[in-house]
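Okay, structure first, notes after.
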Amino acid sequence: MQDKSAPSPEDAPKAGLAADETGVPRKKIFVKTYGCQMNVYDSARMVDVMAPSGYTEVDAPDEADIVILNTCHIREKAAEKVYSELGRLRELKKEKSGRGENLVIGVAGCVAQAEGEEMRRRAPAVDLVLGPQTYHRLPEYVARLANGGPGIVETEFPAEDKFESLPAPERRKTLARGATAFLTIQEGCDKFCTFCVVPYTRGAEFSRPLSRIVDEARALAEAGVREITLLGQNVNAWHGDDGSGGVATLAKLIRHLARIDGVERLRYTTSHPRDMDEELLAAHAEVPELMPYLHLPVQSGSDRILAAMNRRHDAESYLRLIERIRAARPDIALSSDFIVGFPGETEEDFEATLALVREVGFAQAYSFKYSPRPGTPAAGEEDQLPEEVKSERLARLQDLLGEQQIAFNRACAGKSMKVLFDRRGKGERQLVGRSPWLQSVHVEDAPESLFGEIVDVEIEEGYRNSLRGRLRQAEPILA
Ligand code: 5AD
Ligand code: SF4
């Protein structure tokens, strides 16, 4: 699809745009990502999908011919933030037009899905409103706009599979960035937690077929990616076509991917406690490539609130599940999401959350004040809590989670661990990597040649958000 809609080589390049040797004008795209890792993946794919039309990515809006805000609607005043960013972009569009240049402004992702037509009414500078299921059509829409077509709003959940319409894996190979990558394997959610917009903005659960995921993972590994994080709103509910008439589970997929040459590390996020099955626990015990880290949102420790949230599990079943996970993989680091101040939450309910946190001991976690999302059942509840109560509870929960995180990181001091170097640090010879437990590890005096390698590092100190270590030996060890 992207090839069909790419401007033909005969199209005259626009003023101020250089053309490459094929005659395709060289243009620039800037994508600003809000929210979750799935949006990070989607943003990268939007850049990929525009490449055949001559677009390269830039990291500031000023230089861009297209700016896309890839938005998130999960919490807070997401839409308001987007509108204020659009105010700034409108000014930029005016400035550019004064210089005879064009700027296409697009809004993608979940706010686009939720706002639809309203977005162009409130912000007429927006040319394109694109829901998360349709960004593979971006080249076609941009070509239409470039030819003077009217603004476009596309928030359908089209029957065609957007994954199938995206660039083939070989293209991803050339476009992979660095040693770690996200790979979306599943989208949407059928769980309908009463606070959550995802089932409405991302639609019903959909699993990509096993063979497509394996192809994409292979291409990433060939491009130097060593660690792949499988993404899905409900990733452990993945049940893809296994290519021989059956349905595979996430555990099977993980075992397939672990056999690919070059794939040294695997992770998956985000999971629902209800979908953690025995097979997946066995994979944690038996697949060395599956890293000892699990993000397993619990949201609350109160059974009353969990029921009101429609979470389909209680505190006790979550705790027993954690025991089984730890029995399978004793060194696993646990992470979670929490919501405080859900409608009707009492002090006692909140204390049950604190008690659950004390009992589990998390290596890290995300915690949020409940934010009513229009159209979700909980937003219509009458017993909404005052902002001060939410803030006070959030502070108490974050103190406790912070203590646990620091304790976890400090306990790493003196240990040796394998670190995948995936970023350059601030210092000249500083590299930053990831531990198996997803901590950032800063190492001084690390040669550039170790970039993208998995190396033994001795941890000297643990801080709240990172570790500091030194190389145990100069030569890379491929785990
Ligand atoms: N208010 C606050 N937090 C929310 N989350 C999802 N919806 C809401 C909401 N309405 C949190 C949940 C979820 C994470 C991605 O965001 O904790 O797991
Ligand atoms: Fe939202 Fe996750 Fe609940 Fe699905 S399982 S409705 S994505 S919180």
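Values in this text are rule-based calculations from the coordinates and carry no lab data. These figures come from a predicted structure and were not determined experimentally. Cβ: placed from backbone, ideal geometry, glycine included. Neighbour counts: every protein chain shown.
In segment 286-332, taking the dipole from charged Cβ atoms about the Cα centre, the farthest positive-side position among Y318, S302, P292 is held by S302.
Quick one: Kirkwood hydrodynamic radius for segment 27-154, alpha-carbon pairs, angstrom, one decimal?
On the way: mean 1/r = 0.0698 Å⁻¹.
Evaluated over segment 27-154, this radius sits at 14.3 Å.
Considering every alpha-carbon pair of segment 416-471, the percent of pairs per 10 Å bin, from zero through the bin containing the longest distance, is 29, 64, 8. With coordinates expressed along the principal axes, the C-alpha atoms belonging to the chain extend over 65, 62, 52 Å, beginning with the largest.
Once you sort the root eigenvalues of the Cα gyration tensor of segment 32-78 as a ≥ b ≥ c, which label holds: rounded (a/c under 1.5), prolate (a/b larger than b/c) or oblate (the other case)? Spell out each step's value before the answer.
Details: a/c = 3.13, a/b = 1.69, b/c = 1.85.
It is oblate, given that a/c is not under 1.5 and a/b is not larger than b/c.
Judged by a Cβ-Cβ distance under 4.7 Å, the unpaired cysteines of the chain are C36, C72, C110, C189, C412. Overall, the chain carries a charge dipole of about 700 debye about its Cα centre when +1 sits on the Cβ of Lys and Arg and -1 on the Cβ of Asp and Glu, all other atoms neutral.
Taking Cα centre as origin and charging only the Cβ of basic (Lys, Arg, +1) and acidic (Asp, Glu, -1) residues, the dipole magnitude of segment 416-471 rounds to 260 debye. Across segment 209-320 the C-alpha pair distances fall into 10 Å bins from zero in the proportions 13, 42, 29, 13, 3 percent.
Classify segment 286-420 as rounded, prolate or oblate, taking a ≥ b ≥ c as the square roots of the eigenvalues of its Cα gyration tensor: rounded when a/c is under 1.5, otherwise prolate if a/b is larger than b/c and oblate if not.
prolate
Estimated purely from DSSP H runs of n ≥ 4, each contributing -39500 (n - 2.57), the mean residue ellipticity at 222 nm for the chain is -10000 deg cm²/dmol once divided by its residues. Among the listed pairs K28/K93; K77/K390; K28/K162; K28/K96, those with a Cα-Cα distance over 19 Å are K28/K162. Farthest toward the positive end of the dipole of segment 416-471, out of G427, V443, Y463, is the Cα of Y463, where the dipole comes from beta carbon charges about the Cα centre. Take the Cα of R326, step 7 Å toward its Cβ, do the same at E392, and the gap between the two points is 3.2 nm.
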